[in-house]
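Q: Dropping the structure in here first, questions after.
The values are calculated or read from the model by the stated rules, or taken from the named source; none is laboratory data. Remember, predicted model here, so these are calculated numbers, not experimental data. Every residue, glycine as well, gets a Cβ built from its backbone with ideal geometry; the counts of neighbours run over all protein chains shown. Side chains included, ligands, DNA and RNA excluded: accessible areas come from the protein's heavy atoms. Shrake-Rupley method; radii C 1.70, N 1.55, O 1.52, S 1.80 Å.
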Amino acid sequence: MRTLASLVDLAGFASGTPISIARCTASGSIEEFAAGTWPNGRAVVVTDRFYGASLAKQFTGAAAAILVRDGQLDPDQPVARYLRDLPLWAADITPRQLAHHIAGLPAGGALEAQAPGDWTEDFVSAALAALPGLATPPAASYAYSNLGYILLARLVASISGEPFAAFVNARLLVPLGIEGMGFARDIRAYPQVAHMGQCLPLTQGDGGLWSTSRAFALWLHRQNQDALGIADIVEAQGQLANGMNTPYGWGLGLRTHQGHRLLIHGGEWTGAVAKAVRCPVRGIAVVAMAANCPFQTLDRLVEMALNDAW
């Protein structure tokens, strides 16, 4: 295989772009590489945490799936059963529909554009309380929605009785021996924040995850092994009321590559791009995160790293 350093050179990043990438093989061997310079002049190192953006959704899906696995969450009961402070429409949608982006909530970007400043839990709470009804009937169509994953994270916190970030750490990361990642609210110490403009992402569930590439690659490897025993839940397709399947599991895009199932997700925010892919059958996992660069460049890098290891 080519080295990750050589693939980064081939991908076409602008000089100095902060980038971190890791690749894991079926044996669990992880190769990692970091390059670039932060705005304060410090060189990027492999222990730096990058913003994962929507890569966080697979952790939200996994957290909810653990509650389903343990009999604490019925994914087909109304959301209103678990979250009682929402409008009447919460009685018409289910956690499973939230996970598959088929609950009829406003699509991603619609509400974010209205935020007067940072994307915060308080702003989302007020917007949800004021939402008069669903954008479409439940299970009528697929519409990628950050709101659904914020609600899923709240479900996890409500049922477990502990903050979402603490649940993820205690029930997902610690049992798998993963360090170097987590959900964070106080993010200003991370150097990437200097690239992220005036509107910061401060919600959890739809985003909120900061990670090193090594930690994320180890997470992907553990999921390829189904170490949490939730693959049958998180890798299932969504299904619309008309019987059609959707290509999205619980925080995972469902694809195929050369005849094998590929589980993917990308993420973007101002000054942040990220993408992760894994193939359980081949045991390959790749994750890359970067600051202040086009998503297409990062996507090209991940594709090259995957194909090189295939």
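Q: Just wondering, is there one or more residues in the range 277-300 that are in contact with a strand residue (DSSP E or B) (Cβ under 7 Å, 6 or more places away or on another chain), acidic (Asp, Glu) and closer than 24 Å to residue 145 by Cβ?
A: Checked against the condition, which is being in contact with a strand residue (DSSP E or B) (Cβ under 7 Å, 6 or more places away or on another chain), acidic (Asp, Glu) and closer than 24 Å to residue 145 by Cβ, the range 277-300 yields at least one hit.
Q: Can you find, within the range 126-143, the residue that is nearest to the chain's Cα centre (by Cα) among those that are free of Cβ contacts under 8 Å to residues at least 24 places away in the same chain and open to solvent by 50 Å² or more (accessible area, probe 1.4 Å)?
A: Residue satisfying both the conditions and the ranking: 126.
Q: So which pairs qualify, if the first residue must be in the range 4-32 and in a helix (DSSP H, G or I), the second must be among the aromatic types (Phe, Trp, Tyr), the Cβ gap must be under 6 Å, and the two must be at least 6 apart or on different chains?
A: Sorted first by the residue in the range 4-32, then by its partner, the pairs are 4/33; 5/33.
Q: Which ones in the range 104-118 are open to solvent by 40 Å² or more (accessible area, probe 1.4 Å), part of a loop (DSSP other than H, G, I, E, B) and hydrophobic (A, V, I, L, M, F, W, C)?
A: Within the range 104-118, 107, 110 qualify.
Q: On to the next question. Return the residue satisfying two criteria in turn: it lies in the range 144-184 and is under 20 Å from residue 241 (Cβ atoms) and part of a loop (DSSP other than H, G, I, E, B), and of such residues it is least open to solvent (accessible area, probe 1.4 Å).
A: Looking at residues that are under 20 Å from residue 241 (Cβ atoms) and part of a loop (DSSP other than H, G, I, E, B), I get 145.
Q: Take the residues in the range 92-142 that are touching a strand residue (DSSP E or B) at 6+ places or on another chain (Cβ under 8 Å) and among the acidic types (Asp, Glu), then tell me which one is nearest to residue 244 (Cα to Cα).
A: So, considering only residues that are touching a strand residue (DSSP E or B) at 6+ places or on another chain (Cβ under 8 Å) and among the acidic types (Asp, Glu), the one nearest to residue 244 (Cα to Cα) is 112.
Q: On to the next question. Going through 161, 108, 177 one at a time, which residue ends up being within 16 Å of the chain's Cα centre (by Cα) and within 30 Å of residue 223 (Cα to Cα)?
A: Just a single option satisfies the conditions, and that option is 108.
Q: Taking the range 229-283, which residues are farther than 13 Å from residue 57 by Cβ, free of Cβ contacts under 8 Å to residues at least 60 places away in the same chain and among the small types (Gly, Ala, Ser)?
A: 231, 236, 243, 259
Q: Among (1) open to solvent by less than 30 Å² (accessible area, probe 1.4 Å); (2) assigned to a loop (DSSP other than H, G, I, E, B); (3) of a type outside the set (Ser, Thr, Tyr), where does residue 193 come up short?
A: For residue 193, the failing item is (2).
Q: Would you mind stating whether residue 223 is under 22 Å from residue 99 (Cα atoms) and out of contact with any strand residue (DSSP E or B) (no Cβ under 6 Å at 6 or more places or on another chain)?
A: So residue 223 fits the description; yes.
Q: If you take just the strands (runs of 3 or more DSSP E) that sit entirely in the range 200-293, which of them hold at least 2 residues that are surrounded by 20 or more Cβ atoms within 10 Å (Cβ to Cβ)?
A: Of the strands (runs of 3 or more DSSP E) lying wholly inside the range 200-293, those with at least 2 residues that are surrounded by 20 or more Cβ atoms within 10 Å (Cβ to Cβ) span 209-211, 260-269, 272-279, 284-290.
Q: Please find, among 46, 79, the residue that is within 24 Å of residue 119 (Cα to Cα) and open to solvent by less than 60 Å² (accessible area, probe 1.4 Å).
A: Being within 24 Å of residue 119 (Cα to Cα) and open to solvent by less than 60 Å² (accessible area, probe 1.4 Å) holds for just one of 46, 79, which is 79.
Q: Moving on. Just give me the residues in the range 34-43 being in contact with a helix residue (DSSP H, G or I) (Cβ under 8 Å, 6 or more places away or on another chain) and either in contact (Cβ under 8 Å) with a residue 40 or more places away in the chain or of a type in the set (S, T, N, Q) (or both), in sequence order.
A: Hits for the range 34-43 are 34, 38, 39, 40, 42.
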